[in-house]
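The values are calculated or read from the model by the stated rules, or taken from the named source; none is laboratory data. Here the structure is a predicted model, which means the values were calculated and not measured. A quick note on method: Cβ atoms are made from the backbone with ideal geometry, for glycine too, and the neighbour counts reach across all protein chains shown.
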Amino acid sequence: MTTRSQFVTLFASLQWLGFMFANTVVIPLSTSAAFHLTTNQTAGVMAKAFILTGLACLLQVWLGHRFPLMEGQSGLWWGVILTIASLGASSHTSLTTIGGSLALGMLLGGVALVLAGLLGVHKVLNRLFTPVVMSVLLILLASKLIDIFFKGMLGMQNSSHVHVGIALLSVVIVVVVSILTIGTKGIISNFSILIGLSLGWVSYVLIFGSKQAPIVPSWQEIGQVFTWGSLPYTHGTPIDWGIVIAGIVTALLNTTNTIATLRAAEPLFETDMPDTAYRRSLVWSGVFTMTSGVFSQVPYAPYTSSIGFLRTTRILERLPFVVGAVLFMLMGLVPYVSGFFSTMPFAVGAAVLFVAYLQLFGSALQNIEGMHFNFRTIFRLAVPVLAGLAIQSMPPDSFSTLPSMAQSIVGNGMLMGILIALVLENIISWDKLD
């Protein structure tokens, strides 16, 4: 019996390791490309992503909300960072200035989250983030990330033309992952992302060859701070207050991940989530938001997708989660491992995540399920969503005539859509118009 129990724990731990890896590996690749990092710097950023993600999971399950829920790099932050990097390039702002200002925004945003957790401000934020606001956030986030993934699938991340061979392989990967996700059950469906990454990477190398030699980052590169750019006013780096403010706003909006995930965990674990769990979770998310600013990572939040993973595996114990997190940290501490995964073709990761992030649209619809819209109340959803999409579709240099402080916010369709939704939801009594 003991042997069987140990086998289940080991297998469940490996499942958690695979889940953490599949949800992390592509993010450092995309941000490193956005900031034009060298291959060795990218490998160092990859190693730090593995280490910090494992550590964040351990501290949350031990000192934070205390449930086996992955603390991963936030999709909201990811979209904002990539958008700001592209906007800055079009406005001729140096990537060093963008990276340094983002780091400062993360540091200040992390402090705000820690204070929010200590003071219990999440109750106020909970009232502000209505189901409609959450739907707007998810729709705009999905559209932004899907746009990035689609260009990557076509081989257009560094080109304005479609690479036909890469595009065809990407379509095949999308079809395979979709079939595994929809047409299978249990462990195969749960690990469709990991299977797609593995098969896609092998196929890419067989068809196009390996263009990169194995990379082994040095410990100096793994421990490097402010890789995206030095903090403002250090080493002559100027500051962009618009980016700093956007970072603080994003940190506060990112609390929606904590609230949504812990809410969804209650029926799964058959318990009422205590108020202290929300507060401790916010504090640790704030700590790792600040840490992300220092180590040039996408900041953290509890992953709502952990709920679906747990429902599939039905293994709710904390031990497999802890072991999986420790193993993930160890992967980052072995330079050969992080160096190897940093050579993954971006097109492969983009094709797999194209399928994975379609679920965001489903989550957006679930938030407004049962709501009735008439010709008046449709404004509460249509205005922020369509305004945000319109801004996202505009060329990045469209807002270059605005003051630099305003460009990073007004030119960010996702942030503007969310802010418009917050205003409309809290100044208009829509129930009276129903």
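Here are some notes:
- Entirely in the range 176-250, the helices (runs of 4 or more DSSP H) that have 2 or more residues that are crowded, with 18+ Cβ neighbours inside 10 Å and in contact (Cβ under 8 Å) with a residue 40 or more places away in the chain: 192-208, 219-222
- Filter result for Val323 (in contact with a helix residue (DSSP H, G or I) (Cβ under 8 Å, 6 or more places away or on another chain), of a type in the set (A, V, I, L, M, F, W, C) and not in a helix (DSSP H, G or I)): no
- Residues in the range 51-71 that are closer than 19 Å to Val294 by Cα and out of contact with any Ser or Thr (no Cβ under 6 Å at 6 or more places or on another chain): Ile51, Leu52, Gly54, Leu55, Ala56, Cys57, Leu59, Glu71.
- Within the range 279-327, the set of residues being surrounded by 18 or more Cβ atoms within 10 Å (Cβ to Cβ), small (Gly, Ala, Ser) and closer than 27 Å to Lys123 by Cα comprises Ser281, Ser285, Gly286, Ser292, Gly293, Ala301, Ser305, Ser306.
- Only listed residue being without any contact (Cβ under 8 Å) to a residue 60 or more places away in the chain, closer than 30 Å to Ile259 by Cβ and not aromatic (Phe, Trp, Tyr), chosen from Ala56, Ala85: Ala85
- Within the option set Leu268, Leu231, Leu316, being among the hydrophobic types (A, V, I, L, M, F, W, C), under 17 Å from Leu104 (Cα atoms) and modelled with pLDDT under 90 holds for one residue only, Leu231.
- The set of residues from the range 149-168 being surrounded by fewer than 23 Cβ atoms within 10 Å (Cβ to Cβ), among the aliphatic types (A, V, I, L, M) and within 15 Å of Leu353 (Cβ to Cβ) comprises just one member, Leu154.
- Qualifying residue in the range 392-403 (condition: buried (at least 20 other Cβ atoms within 10 Å of the Cβ), of a type in the set (Phe, Trp, Tyr) and either touching a Pro at 6+ places or on another chain (Cβ under 6 Å) or in a loop (DSSP other than H, G, I, E, B) (or both)): no
- Val162 free of Cβ contacts under 8 Å to residues at least 24 places away in the same chain, part of a helix (DSSP H, G or I) and over 28 Å from Ile428 (Cα atoms): no
- If you filter the range 421-434 down to residues that are crowded, with 18+ Cβ neighbours inside 10 Å and of a type outside the set (Gly, Ala, Ser), you find that the one that is nearest to the chain's Cα centre (by Cα) is Leu422.
- Output for the range 388-420, where each listed residue is touching a residue at least 24 places away in the same chain (Cβ under 8 Å) and of a type in the set (A, V, I, L, M): Leu389, Ile391, Met405, Ala406, Ile409, Met414, Leu415, Met416, Ile418, Leu419, Ile420
- Identity of the residue in the range 358-391, under 18 Å from the mean Cα position of the chain (by Cα) and surrounded by fewer than 20 Cβ atoms within 10 Å (Cβ to Cβ), that ends up nearest to Leu154 (Cα to Cα): Leu358
- Checking each residue in the range 370-391 for being of a type outside the set (A, V, I, L, M, F, W, C) and either on the phi > 0 side of the Ramachandran plot or in a loop (DSSP other than H, G, I, E, B) (or both) picks out Gly370, His372, Asn374, Arg376, Thr377.
- Test: Val132 is more than 29 Å from Tyr233 (Cβ to Cβ), surrounded by 19 or more Cβ atoms within 10 Å (Cβ to Cβ) and either touching a strand residue (DSSP E or B) at 6+ places or on another chain (Cβ under 9 Å) or not basic (Lys, Arg) (or both): yes
- Search result, residues across the range 17-74 that are of a type in the set (Phe, Trp, Tyr) and either surrounded by 24 or more Cβ atoms within 10 Å (Cβ to Cβ) or part of a loop (DSSP other than H, G, I, E, B) (or both): Phe19, Phe35, Phe50, Phe67
- Scope the range 44-86; condition out of contact with any strand residue (DSSP E or B) (no Cβ under 9 Å at 6 or more places or on another chain), polar (S, T, N, Q) and modelled with pLDDT of 90 or more; matching residues: none
- Subset of the range 91-125 that is at pLDDT below 85 and surrounded by fewer than 15 Cβ atoms within 10 Å (Cβ to Cβ) - its residue that is nearest to Leu63 (Cα to Cα): Lys123
- When the range 328-338 is limited to residues that are buried (at least 16 other Cβ atoms within 10 Å of the Cβ) and at pLDDT 85 or above, the one that is nearest to Ile84 (Cα to Cα) turns out to be Gly332.
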